[in-house]
Amino acid sequence: MPIAEVIKLSQTNKRQNLFDRWASTYDEDLEGKEAFPFFGYDAVLQSMLTAAELQPGHRVLDVGVGTGNLARRLPIPVDQIWGLDFSAAMLEKARLALPAAHLIQADLVGEDWLAKIEQRFECILSAYTLHEFPDPLKIKILTKLAKNSLKADGAMIIGDISFQHQADYHFVRKKFFDSWDEDEYYWCAEPLAGMLNQAGFSVHYEQISICAGTYQLRWKGY
């Protein structure tokens, strides 16, 4: 195996193990959390639900479903919810909360999960997940989802650690340096909106807290 593949696999396993260990306390750790990087966490999830404008018959794909913290707030029947996550322990907790949901263990960097879905959704949601990936890989994953899993009139709603401008990014990095994770790739709308436009998305961004925001994306490639 090439050395680059070995390094990538090692990094993935390290992150997987971290989230497997975190699963038992994840919900409690985030409940009412008002510390970096989770300032405004509940407000972000609520903003995502508002932007999604879900209707009773809609099917939803939750990318990075975790323990089901966002999915269990969705105002649709649970059997209309699909969820992806790479952590088996997180999915175990999600199954307890959402027994009728369709939950799939998947590494977003791979391709195998596409065949396990085999349908399109009115809405694709992702909360506090894609900051794990560098910006070019974020866009690659989102493009893959749009092309393969989003209905023509559907929307993608992303809520994550994010900043409006690069100046805001650097200000918060300095202010919360001790909590800043240099192994993560926090969003910054100033360059990313342009990159997403070039990739074929229309983009609407809203800053929700000092370190989090929501992206409403629509695919223009149909």
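Miscellaneous remarks
- Descending principal axes extents, the chain, alpha-carbon based, whole Å: 45, 43, 36
- Subset of K33/K93; K140/K220; K116/K144; K33/K151 violating a 25 Å alpha-carbon distance limit: K33/K151
- Looking at segment 82-177, the GluC sites (Glu not before Pro) that sit in a DSSP loop and have at most 13 other Cβ atoms within 10 Å of their own Cβ are E111, E118.
- Taking the DSSP beta bridges with both ends in segment 3-219, the antiparallel portion is around 40 percent.
- Shape call, segment 177-222: gyration tensor on alpha carbons, a/c limit 1.5: prolate
- Counting only residues at least eight positions apart within a chain, or on another chain, the aspartates and glutamates with an alpha carbon under 13 Å from that of K174 are E182.
- Tensor-based shape of segment 108-216 (alpha-carbon gyration tensor, a/c under 1.5 rounded, otherwise prolate or oblate): prolate
- Largest GNM mean-square fluctuation among M195, M156, M90, using the chain with Cα springs under 10 Å: M195.
- Electrostatic dipole magnitude of segment 83-203 [Cβ: Lys, Arg +1; Asp, Glu -1; Cα centre; debye, to 20]: 340 debye
- Max mean-square fluctuation residue, GNM over the chain, Cα-Cα springs under 10 Å, options F39, F176, F133: F176
- Neighbour-count ranking [beta-carbon atoms within 10 angstrom, fewest first] of I161, I124, I208: I208, I161, I124
No value in this document is a laboratory result; all are computed from the given coordinates. Remember, predicted model here, so these are calculated numbers, not experimental data. Because the Cβ atoms are built from the backbone with ideal geometry, glycine has one as well, and the counts that use them run over all protein chains shown.
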